[in-house]
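One structure below.
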Amino acid sequence: MAHRWKNDLTKEDVTPYAAFLNRRQIMAGLGGAAGLGLAGLTAGQAQAAGDEALEPNSWEDVTSYCNFYEFGTGKTDPAAYAGQMTTTPWSVEIDGMVDRPGSYSMEQILDAMTLEERIYRFRCVEAWSMVVPWQGFELADLLDVAGVQDGAKYVAFETLYRPSEMPGTAYKVLDWPYREGLRLDEARHPLTIMATGIFGKPLPNQNGAPLRLVVPWKYGFKSIKSIVRITLTDKEPPTSWNMANPREYGFYSNVNPSVSHPRWSQASERRIGGGLFARRQPTLMFNGYEKEVASLYEGMDLARNF
Ligand SMILES: Nc1nc2c(c(=O)[nH]1)N[C@H]1C(S)=C(S)[C@@H](COP(=O)(O)O)O[C@H]1N2
Ligand SMILES: [Mo]
């Protein structure tokens, strides 16, 4: 396909992020460090802490600490219950403002796409984060297969809704099916991917098999799982979390340390995976992808459009 991509975060590429963390952690170590648990660190140890923050999380972390409310609201519910979801056969309906609407089978999609790997930081609105090696393809490539028509401005996504295999949908915590949306330019951005795997293996069900969105500069809930419908539209689509609580969850949901969630700060995050150095770390604007995506929001008030 048109887009060729490689890891956006090789060891070399992430050095600026590590350096940023190191500065913060060294400063913290010199000042009131107790809260960060970094008192007494030498510069060398802080360096190691920064590097560690960029290592992918373990398979265990990524596949056992999950959010997938269709299987329950507990972090371990998806790993416990998502196994019953049937993912073969699978197809994705692509409709709305496209030249070639229709039902695209997973085989057709995989045939048309070249899978590659990218390591992305992943930041949940609940202020925890992970680093995940994904396999997938750029969403833009799939949109090109369907042929986006002039006038389309947004992309809407829907998750499978199959109550017989999804015990969590018995509870109206969200208005099922789970729905998400992006502006078309966000959807076409080369960082926006459709993931089909993690750690070189097919996606486990709890992580959104067989196909999920990953938008690394947005809070995790934008990364909708187990997608069965993609709709091109000229209107901002309704999204599940915004419908559930518009005060807490906006349409954009860009990672932004300076805009607090009403119930908790977004200034820092706890990296999942424990260990002495995996305490809170500062959250970066656009989750560290500011250079790549800030231009999408030029002239917008991000406190209003949160
Ligand atoms: N269909 C669906 N997609 C979803 C969710 C969900 O409940 N249902 N949770 C979201 C949230 S809040 C997060 S943080 C991520 C978690 O992805 P992971 O469990 O694979 O880490 O999935 C997102 N996608
Ligand atoms: Mo989340």
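Take peptides 257-268, 170-181, 71-82 and line them up by average Cβ neighbours within 10 Å, highest first, as a rough protection proxy.
So the peptides 257-268, 170-181, 71-82, ranked by packing, come out 71-82, 170-181, 257-268.
Given the pairs Lys153/Lys291; Lys153/Lys201; Lys201/Lys291; Lys172/Lys291, which are separated by over 32 angstrom at their Cα positions?
In this structure, Lys153/Lys201; Lys172/Lys291 exceed 32 Å between Cα atoms.
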Fill in the blank from the handout: Of 234-247, 122-135, ordering from highest average Cβ density within 10 Å down gives 122-135, 234-247
Handout entry: Note, ³J(HN,Hα) from phi for the range 289-298, Karplus 6.51, -1.76, 1.60, rounded to Hz, x at Gly and Pro
Key = 9, 4, 4, 7, 10, 4, 5, 5, 10, 4
Handout entry: ³J(HN,Hα) computed for each position of the range 108-123 - Karplus, 6.51 cos²θ - 1.76 cosθ + 1.60, integer Hz, glycine/proline x
Key = 4, 5, 5, 4, 7, 10, 9, 7, 9, 10, 9, 9, 10, 5, 10, 10
Exercise for the section: Would you pull out the residues with amide H under 5 Å of Ile119's amide H, same chain only if 5 or more places away, H placed 1.01 Å from N? Expected result: Asp8, Leu9, Trp134
Practice task
Specify whether the C-alpha gyration tensor of the range 203-268 places it in the rounded, prolate or oblate class, a ≥ b ≥ c being the square roots of the eigenvalues: rounded for a/c under 1.5, otherwise prolate if a/b is larger than b/c and oblate if not.
Solution key: oblate
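We did not get these values from a lab; they are worked out from the coordinates using the rules stated. All of these numbers come straight from a predicted model, not from anything done at the bench. Backbone-built Cβ (ideal geometry, glycine too); neighbour counts: all protein chains shown.
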